[in-house]
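Presented below is the structure to which this report refers.
The values are calculated or read from the model by the stated rules, or taken from the named source; none is laboratory data. Values in this document were obtained by computation on a predicted structure and should not be read as measured data. Quick reminder, even Gly has a Cβ in these numbers, built from the backbone with ideal geometry, and neighbours come from all protein chains shown. Protein only, heavy atoms only, side chains kept; ligands, DNA and RNA dropped before computing areas. Shrake-Rupley method; radii C 1.70, N 1.55, O 1.52, S 1.80 Å.
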Amino acid sequence: MQLIALPDTFNLIGNDALIVMKAEDTHQAVCVTKDALAGVQAAPDPRWLPQDLSVLELIASRKFDHGEIAFDGRIWITAKDVQNWHKMTRH
């Protein structure tokens, strides 16, 4: 299921970001670590919205489809997830 970030839902909590994404009638909280944000931005700065949200949407969608939802009901995107995405897209 393709998750899409809702406008104006990018919030910083400490060094991590919280983004609300939606697919059909489902709303999903997605937490993105500071290191993961740095992996998708040209100039890493966790205070600003990533320039390419589609990368985070694709990673979150894959994790959602595979049931990779944390005990707190959120999907967590880490630097390792971004690195794996980069490896998959280079092939």
Q) Going through segment 3-34 one residue at a time, which ones are under 21 Å from ASP65 (Cβ atoms) and loosely packed, with under 14 Cβ neighbours inside 10 Å? A) ILE4, LEU6, GLU24, ASP25, THR26, HIS27
Q) Does GLN51 qualify as being in contact with an Asp or Glu (Cβ under 9 Å, 6 or more places away or on another chain) and modelled with pLDDT under 90? A) no
Q: List every residue pair whose Cβ atoms sit under 6 Å apart, with the two residues 6 or more apart in sequence or on different chains, where the first one lies in segment 48-74 and is closer than 16 Å to ASN11 by Cβ and open to solvent by less than 40 Å² (accessible area, probe 1.4 Å) and the second, anywhere, is modelled with pLDDT of 95 or more and not β-branched (Val, Ile, Thr).
A: ALA60/LEU3; ALA60/MET21
Q: Look at segment 3-38 and say how many of its residues are modelled with pLDDT under 95, farther than 16 Å from ASP81 by Cβ and either basic (Lys, Arg) or touching a Pro at 6+ places or on another chain (Cβ under 7 Å) (or both).
A: 2
